[in-house]
There are 6 protein chains.
Amino acid sequence: MPRSDGRANDALRACTITPHISLHAEGSCLVETGRTRVICTASVEDRVPPFMRNSGKGWVTAEYGMLPRATTTRVQRESTAGKVGGRTQEIQRLIGRSLRSVVEMPRLGERTIWIDCDVIQADGGTRTAAITGGFVAMVLAMRHMIENKQIKEIPVKDYLAATSVGVVAGVPMLDLAYDEDSNADVDMNVIRTGDGRFIEVQGTAEKEPFPRAVLDQLLDLGSKGIDELIAKQAAIVGDVLKVKVPTRA
Amino acid sequence: MPRSDGRANDALRACTITPHISLHAEGSCLVETGRTRVICTASVEDRVPPFMRNSGKGWVTAEYGMLPRATTTRVQRESTAGKVGGRTQEIQRLIGRSLRSVVEMPRLGERTIWIDCDVIQADGGTRTAAITGGFVAMVLAMRHMIENKQIKEIPVKDYLAATSVGVVAGVPMLDLAYDEDSNADVDMNVIRTGDGRFIEVQGTAEKEPFPRAVLDQLLDLGSKGIDELIAKQAAIVGDVLKVKVPTRA
Amino acid sequence: MPRSDGRANDALRACTITPHISLHAEGSCLVETGRTRVICTASVEDRVPPFMRNSGKGWVTAEYGMLPRATTTRVQRESTAGKVGGRTQEIQRLIGRSLRSVVEMPRLGERTIWIDCDVIQADGGTRTAAITGGFVAMVLAMRHMIENKQIKEIPVKDYLAATSVGVVAGVPMLDLAYDEDSNADVDMNVIRTGDGRFIEVQGTAEKEPFPRAVLDQLLDLGSKGIDELIAKQAAIVGDVLKVKVPTRA
Amino acid sequence: MPRSDGRANDALRACTITPHISLHAEGSCLVETGRTRVICTASVEDRVPPFMRNSGKGWVTAEYGMLPRATTTRVQRESTAGKVGGRTQEIQRLIGRSLRSVVEMPRLGERTIWIDCDVIQADGGTRTAAITGGFVAMVLAMRHMIENKQIKEIPVKDYLAATSVGVVAGVPMLDLAYDEDSNADVDMNVIRTGDGRFIEVQGTAEKEPFPRAVLDQLLDLGSKGIDELIAKQAAIVGDVLKVKVPTRA
Amino acid sequence: MPRSDGRANDALRACTITPHISLHAEGSCLVETGRTRVICTASVEDRVPPFMRNSGKGWVTAEYGMLPRATTTRVQRESTAGKVGGRTQEIQRLIGRSLRSVVEMPRLGERTIWIDCDVIQADGGTRTAAITGGFVAMVLAMRHMIENKQIKEIPVKDYLAATSVGVVAGVPMLDLAYDEDSNADVDMNVIRTGDGRFIEVQGTAEKEPFPRAVLDQLLDLGSKGIDELIAKQAAIVGDVLKVKVPTRA
Amino acid sequence: MPRSDGRANDALRACTITPHISLHAEGSCLVETGRTRVICTASVEDRVPPFMRNSGKGWVTAEYGMLPRATTTRVQRESTAGKVGGRTQEIQRLIGRSLRSVVEMPRLGERTIWIDCDVIQADGGTRTAAITGGFVAMVLAMRHMIENKQIKEIPVKDYLAATSVGVVAGVPMLDLAYDEDSNADVDMNVIRTGDGRFIEVQGTAEKEPFPRAVLDQLLDLGSKGIDELIAKQAAIVGDVLKVKVPTRA
């Protein structure tokens, strides 16, 4: 059974990362993964949250939103609902935690980088696209901080990208589109650094529990996709981020 | 004293309206007015709010949002704040009221058209751009309804567009950019139909009360700009909206 | 077609402003316009909002409320609803903005004057009555501040009053009562200083767009009414507010 | 030590109940107790809350509010705070519970009477004034229902009034004003029917626990005051409420 | 008519107070009254609320909660509802006020003791059990403060306990279980110190107003129960709280 | 480096599951894992959420709470904060999703089972204890439904339990206590059925990214612990849940 867009099971969707798409933000990019489109901006603020004050360390935090008609049917705005929903909070916690894991906070100084990931159009994989693009926006904001003489070097230890994998109709596949994701037996997000180590692995049996062997296959697929995504990140920020890029891609 | 972008005092900024920018929405466009960028989508729902039920009439309502980093400094999300701010509510009431004024509700049937106006980048004039673009998205959604055999004709009486005018450094000007708007003595929004009549006139003395003569000058400038904007709308929806376009433009 | 209370089309309803109706507030009055009754109090606080701190300037802000049974059918309290509605926020922003436009903030010192306008009974024109009465309460509070040796002079540049005008059954009229307002084709609020200049003009086509000539007629009617209202204000605060009163009234 | 206004320890403050002060409400009065002023309105709604549907019984519920400057220093609106405070909720539960205790709900039919008690000016005793006035507004609304042929008789079993008593500087006193209340050792609210039985007794040691003998004295004082208040109620609604009035007053 | 559990009308339900049931809290106990079970913890915080700062005095405050299935049918969490309900606020104000009445705040220093009363299982009398247990948790936390050298003596003037009494089927009874409470004509909470004086008396006619004689009977019953409860408290904290225990028990 | 309680690296803490601890709930248990204590109740409601109506299927949903002093320092109640925090929402979504994965919804009928997991005392591993105990409470509630003749068989496909694993000081360990968890390099939750397949795997690098080999070790440890936990579940519900129990335990 071929995929709806004819891709191979181990192929990413067409993915482009367009940097500098915001007039105002210190760092920004538009991530497009198939028909999913996410605007990522990074804003630098000269203070940290109360629990970090006087620590000498910086902080990175993320917020995630979706335009009401990014989806097939219109969804009520969370501002109108008066609260941020559980799914949104879970996603923004995941994005923030992932990006923080590769940043050396003492080298950032007592500053916060706010990563805003806003989904303009959704077709599956919005949270992993947000992480992949949020990383680029963050590094671009850091480059702006170097130009502003706020820091001297990019305080980032390694590349970081994310993708989704899953089992659809019994077959493990890379980078699920919405129609695949909504029919998946298993759905997994993989977040990994450039040196091949995991930051986060979240696998969920949507329909059927999955054995260890399937978990292994999914991790292989995810790693292949992440190598390719890091190559795209490196094409944009490789000049300032002096970290080795995985060679497989 | 020339304007920062060299325009004449009675000139609009470069304005483009790009239709069909959303995969999912029944009608959509991207409005760009200078550096201000607003995504407008129109979503059709097969029911009306409780106070309209069994009236046989339709409804048009609008929501307005802004990405946190659409502005020069990051603004907290209204979803995080837990409520929709006063400025936002005032704007979305204005957009909805304006669009409703040109729609013949009984011919729409008991359906709601939701107009979502999301500011991706702000540089002044976001609410008037939202009205101008919201009108286009709404008519495109109605065309989609005709194709779907939900309605037979576009139930719209006339074109509708909006622009801002103001007095800056003592000089009346058309279509203020943010740096002009934030220094204006008087700020006025004009919303007008194609046949030259007003839907809404909102003039505010930000610094100095203004005499009747200035009000007259501002209304003239606004009308000139609106004629030009309606010409742009007509280039997109003129094939389905059988209404005379003002000839001045 | 005569008006329901027999007035001429260019006549205000009977209007009385009763000062000092609050035991506790620094300034207060009860405004009665026909059957509309609004309690206005002005409270002086010895600090300003965070965004004004260390500016050396004062601030004036307004809040607007309505008793649940001020209206023909009972309306839910906004405290019970858990949020301040869009209409209320729009009105209190309008009142605050208008009053601030005639106050010289540096002469007020770093103090806030809170204007509370609470509608005890509603019969149309509550927001304009709130502005007319809020002005009186504010000046009375300033007189109290002079007695308290907080300031030396009333830091107010000019009188300020407001009224509504509109087109009902095709006829321009001054000071609409509720039954007129709810049937109006056009509804306009005019806010003007004593020297005849506008602070705010807000005209809305409720049913039918309106041509420029109608706008001109409505502005004339509004100005006539405002002159009469300022005469009533002057009878109360004219002893302390050394500003010329319009002579037409 | 005489009281600040010269009253005897067992004397009520001057109390007047002015009926029919609202244009719109089915029943209404203004209660003035000393300098405390409360507007009470009763609104009839032709349905009951969900938990009472299809019970054949009516419902009486109360809401209590205070204008921001009813008090010596301005208090934030509960609508602005976004929630109804604990004190307000406690008071409106007390008012509702008290009024319900004298109403025969099956004879009311499936209707709700909303009692709104809004404090225009506060000087102690607002909750008991609200109960005393709320009772009058409720009976007046029922009279309106008789005129409307919704019910045939006033479905009320007995008069109901309330007052506060307390121990100030060691001395039991009736009807505490704010300056007395804020210095009281013991504060008690007594709510009683015309036939001398209690609906609610709430005594609180604010500073010093109180022995049984003091409780007895306070109940005596409260009963004396309530008899006098019921006489004032009877002067207004005695023509329609065919219940014996306590003879002591 | 015997009681459902065979008790005499003047008998408490079996009541046990188990101290030190929390690993983390400075003071804690589990109160069981019949089938009602309440966990009480006391937490010491080294600061006071803003309105008490620089007063040199301490503060005691209480919060009350109920597990969703503590009751016969599941009740929605207040966190999910987004607000603390009126009943909960009324109860936590009552608990806090009662406990504060026996504490000498200057001897506590500028510290807050938070009393958390969480109902694990409800069968009537949860608020009075919370007061009785909250007192024990508070004194145990103070003992911990002595061990920590934060204070030298227990700053408590007297024992404090609470119980409910009521009239069921015409008969005055002590310590109502849920089935009794929900059928009671009169429901009263009595809160009293060890020396026999009242802190709070709250009697409510749920069905029928009650005469003075019944009030007297209920106060007698309540006092008997409170003496017995104080004896149970003294068995736990009598070694550190050097206050005379009522001898009747 | 031995563990603080002397356990082997592959040993669970002492774990007991006490069923039927709630008077009112259809199913309930207390789970104790070391010093972590969680009350789990299952409540049966005879309807499903709106999005499931008329589907013929049932629903299982979970809520998670924590007493304010379950933790080493007191945490503000979410009801007082006015909203359910991100961490809580993430946990309750995880619990609900996990339990739903083993239930055959059509056999449940249009009913909802609410699983409430309330942490009485926290010492690490509360979310996995909640899942392990929530499963037992759910099956007990289903047994109650069989007794009530609502269903004929337990509609559960397999056992389900959860535990945490992690890397502390470089060493993979099973079932982290709080002091271990707060110092972990990697933290992973494993949720698995009785037949050895995964429902959810969530691994997070708290400090250091982790290689594939460590992931494998952690999955082995988790599986060992889950087998032991399922044996404890089977001792309670094995009589009604006719599913094979893993033999390793």
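List the pairs whose first member sits in region A:207-228 and is without any contact (Cβ under 8 Å) to a residue 12 or more places away in the chain, whose second member is buried (at least 21 other Cβ atoms within 10 Å of the Cβ) and assigned to a loop (DSSP other than H, G, I, E, B), and whose Cβ atoms are under 7 Å apart, counting only residues at least 6 apart or on separate chains?
A:PRO209/F:SER101
Can you tell me how many residues in region B:180-195 are among the β-branched types (Val, Ile, Thr) and farther than 20 Å from B:ALA231 by Cβ? Let's see the steps before the verdict.
Here is the first cut: in region B:180-195, the residues among the β-branched types (Val, Ile, Thr) are B:186, B:190-191, B:193.
Those left that are additionally farther than 20 Å from B:ALA231 by Cβ: B:186.
The qualifying residues number 1.
Looking only at residues in region D:228-249 that are buried (at least 19 other Cβ atoms within 10 Å of the Cβ) and within 14 Å of another protein chain (Cβ to nearest Cβ), which one is nearest to D:LEU12 (Cα to Cα)?
The residue in question is D:ILE230.
Here are some conditions: (1) buried (at least 19 other Cβ atoms within 10 Å of the Cβ); (2) more than 11 Å from chain B (Cβ to nearest Cβ). A:PRO2 meets all but one. Which one does it not meet?
(1) is the only condition that A:PRO2 fails.
Residues in region E:195-210 that are more than 12 Å from D:VAL201 (Cβ to Cβ) and modelled with pLDDT of 95 or more: how many?
Taking region E:195-210 and keeping what is more than 12 Å from D:VAL201 (Cβ to Cβ), we get E:195-197, E:199, E:206-208.
Filter again for modelled with pLDDT of 95 or more, leaving E:197, E:199.
Final tally of qualifying residues: 2.
Taking the conditions exactly as written (assigned to a loop (DSSP other than H, G, I, E, B) and out of contact with any Ser or Thr (no Cβ under 7 Å at 6 or more places or on another chain)), does C:VAL214 satisfy them or not? Break it down into steps so the answer makes sense when it comes.
Details: assigned to a loop (DSSP other than H, G, I, E, B): no; out of contact with any Ser or Thr (no Cβ under 7 Å at 6 or more places or on another chain): yes.
Spelling it out, it is not the case that C:VAL214 is assigned to a loop (DSSP other than H, G, I, E, B) and out of contact with any Ser or Thr (no Cβ under 7 Å at 6 or more places or on another chain).
Within region B:40-53, is even one residue within 24 Å of A:ALA25 (Cα to Cα) and within 21 Å of the chain's Cα centre (by Cα)?
We begin by selecting, within region B:40-53, every residue within 24 Å of A:ALA25 (Cα to Cα); these are B:40.
Retained after the next criterion (residues that are within 21 Å of the chain's Cα centre (by Cα)): B:40.
So far as region B:40-53 goes, yes, one or more of its residues are within 24 Å of A:ALA25 (Cα to Cα) and within 21 Å of the chain's Cα centre (by Cα).
Can you tell which of D:GLY196, D:GLY225 is within 25 Å of D:THR18 (Cβ to Cβ) and either in contact with a strand residue (DSSP E or B) (Cβ under 8 Å, 6 or more places away or on another chain) or surrounded by fewer than 20 Cβ atoms within 10 Å (Cβ to Cβ) (or both)?
D:GLY225
So D:ASP118 ticks every box in (1) more than 29 Å from D:ILE21 (Cβ to Cβ); (2) at pLDDT 95 or above; (3) not hydroxyl-bearing (Ser, Thr, Tyr) but one. Which box is left unticked?
It is condition (1) that D:ASP118 fails.
For residues that are crowded, with 24+ Cβ neighbours inside 10 Å and away from every other protein chain (no Cβ under 11 Å), tally how many sit in region E:23-38.
Counting residues in region E:23-38 that are crowded, with 24+ Cβ neighbours inside 10 Å and away from every other protein chain (no Cβ under 11 Å) gives 4.
From F:VAL190, F:VAL156, F:VAL167, F:VAL201, grab the single residue that is closer than 19 Å to A:ARG192 by Cα, touching a residue at least 24 places away in the same chain (Cβ under 8 Å), among the aliphatic types (A, V, I, L, M) and surrounded by 16 or more Cβ atoms within 10 Å (Cβ to Cβ).
On the way: F:VAL190 fails: closer than 19 Å to A:ARG192 by Cα; F:VAL156 fails: closer than 19 Å to A:ARG192 by Cα; F:VAL201 fails: touching a residue at least 24 places away in the same chain (Cβ under 8 Å).
Among F:VAL190, F:VAL156, F:VAL167, F:VAL201, only F:VAL167 is closer than 19 Å to A:ARG192 by Cα, touching a residue at least 24 places away in the same chain (Cβ under 8 Å), among the aliphatic types (A, V, I, L, M) and surrounded by 16 or more Cβ atoms within 10 Å (Cβ to Cβ).
Can you tell me which of (1) out of contact with any Phe, Trp or Tyr (no Cβ under 7 Å at 6 or more places or on another chain); (2) surrounded by 15 or more Cβ atoms within 10 Å (Cβ to Cβ) is the one D:THR16 doesn't meet?
Here D:THR16 clears every test but (2).
Considering region A:39-67 alone, what residues qualify as being surrounded by 18 or more Cβ atoms within 10 Å (Cβ to Cβ) and among the small types (Gly, Ala, Ser)? Step through it out loud before you land on a result.
Kept after step one, since they are surrounded by 18 or more Cβ atoms within 10 Å (Cβ to Cβ), are these residues of region A:39-67: A:39-44, A:48, A:58-67.
Correct list: A:ALA42, A:SER43, A:GLY58, A:ALA62, A:GLY65.
Kindly check whether there is at least one residue in region E:158-172 that is over 19 Å from E:SER4 (Cα atoms) and charged (D, E, K, R). Spell out how you get there, then give the answer.
At the first step, the residues of region E:158-172 found to be over 19 Å from E:SER4 (Cα atoms) are E:158-162.
With charged (D, E, K, R) added as a condition, the list becomes E:158.
For region E:158-172, residues over 19 Å from E:SER4 (Cα atoms) and charged (D, E, K, R): present.
Among the residues of region E:110-141, which ones are touching a helix residue (DSSP H, G or I) at 6+ places or on another chain (Cβ under 8 Å), within 20 Å of E:GLY238 (Cβ to Cβ) and not β-branched (Val, Ile, Thr)?
Passing the criteria: E:GLY134, E:PHE135, E:MET138, E:LEU140.
Identify all residues within region C:60-89 that are part of a helix (DSSP H, G or I) and either of a type outside the set (Lys, Arg) or touching a Cys at 6+ places or on another chain (Cβ under 7 Å) (or both); write none if there are none. Steps first, please.
First, the residues of region C:60-89 that are part of a helix (DSSP H, G or I): C:78-81, C:86-89.
Matches in region C:60-89: C:GLU78, C:SER79, C:THR80, C:ALA81, C:GLY86, C:THR88, C:GLN89.
Within region B:91-118, work out how many residues are surrounded by fewer than 21 Cβ atoms within 10 Å (Cβ to Cβ), farther than 25 Å from C:ASP187 by Cα and of a type in the set (Asp, Glu).
Final tally of qualifying residues: 1.
Please determine, by comparing only the residues of region D:39-53 that are in contact (Cβ under 8 Å) with a residue 12 or more places away in the chain and away from chain C (no Cβ under 14 Å), which one is farthest from D:ALA130 (Cα to Cα).
To start, the set of residues in region D:39-53 that are in contact (Cβ under 8 Å) with a residue 12 or more places away in the chain comprises D:39-49, D:52-53.
When the remaining residues are screened for being away from chain C (no Cβ under 14 Å), the result is D:48, D:52-53.
Working: D:VAL48: 23, D:MET52: 25, D:ARG53: 28 Å.
Applying the filter and picking the extreme gives D:ARG53.
Does region D:164-195 hold any residues that are small (Gly, Ala, Ser) and under 20 Å from D:ALA130 (Cα atoms), and which are they?
Quick first cut of region D:164-195, residues small (Gly, Ala, Ser) only: D:164, D:166, D:169-170, D:177, D:182, D:184, D:194.
Of everything in region D:164-195, those that are small (Gly, Ala, Ser) and under 20 Å from D:ALA130 (Cα atoms) turn out to be D:SER164, D:GLY166, D:ALA177, D:SER182, D:GLY194.
Being in contact (Cβ under 8 Å) with a residue 12 or more places away in the chain, small (Gly, Ala, Ser), at the interface with another protein chain (Cβ under 8 Å from one of its Cβ atoms) and over 24 Å from A:MET173 (Cα atoms) narrows it down to one residue among A:GLY96, A:GLY65; which is it? Working first, answer last.
Numbers: A:GLY96 fails: at the interface with another protein chain (Cβ under 8 Å from one of its Cβ atoms).
None of the others qualify; the one that does is A:GLY65.
Among the residues of region A:68-90 satisfying the criterion of being crowded, with 18+ Cβ neighbours inside 10 Å and of a type in the set (A, V, I, L, M), which is farthest from the other protein chains (Cβ to nearest Cβ)?
Step by step, filter region A:68-90, then rank; the result is A:ALA70.
Looking only at strands (runs of 3 or more DSSP E) that lie completely in region C:124-209, which have at least 1 residues being in contact with a Lys or Arg (Cβ under 6 Å, 6 or more places away or on another chain) and within 13 Å of another protein chain (Cβ to nearest Cβ)? Spell out how you get there, then give the answer.
Details: elements: C:160-168, C:171-174, C:184-193, C:198-205.
Once the strands (runs of 3 or more DSSP E) in region C:124-209 are filtered for at least 1 residues that are in contact with a Lys or Arg (Cβ under 6 Å, 6 or more places away or on another chain) and within 13 Å of another protein chain (Cβ to nearest Cβ), what remains is C:184-193, C:198-205.
Only one of these is within 24 Å of E:HIS24 (Cα to Cα) and modelled with pLDDT of 95 or more: F:ALA62, F:ALA70. Name it. Before you say what the answer is, go through the steps one by one.
Working: F:ALA62 fails: within 24 Å of E:HIS24 (Cα to Cα).
Result of the check over F:ALA62, F:ALA70: F:ALA70.
When the residues of region C:99-123 are narrowed to those that are in contact (Cβ under 8 Å) with a residue 60 or more places away in the chain, part of a loop (DSSP other than H, G, I, E, B) and of a type in the set (D, E, K, R), which ends up nearest to the other protein chains (Cβ to nearest Cβ)?
First, the residues of region C:99-123 that are in contact (Cβ under 8 Å) with a residue 60 or more places away in the chain: C:99, C:101-102, C:110-123.
From what's left, part of a loop (DSSP other than H, G, I, E, B): C:101-102, C:110-111, C:122-123.
Within this subset, residues satisfying the condition of being of a type in the set (D, E, K, R) are C:110-111, C:123.
Details: C:GLU110: 17, C:ARG111: 13, C:ASP123: 7 Å.
Per the criteria, the residue is C:ASP123.
The values are calculated or read from the model by the stated rules, or taken from the named source; none is laboratory data. Keep in mind the model is a prediction, meaning the values are calculated, not measured. FYI the Cβ positions are ideal-geometry reconstructions off the backbone, even for glycines, and counts take in every protein chain you see.
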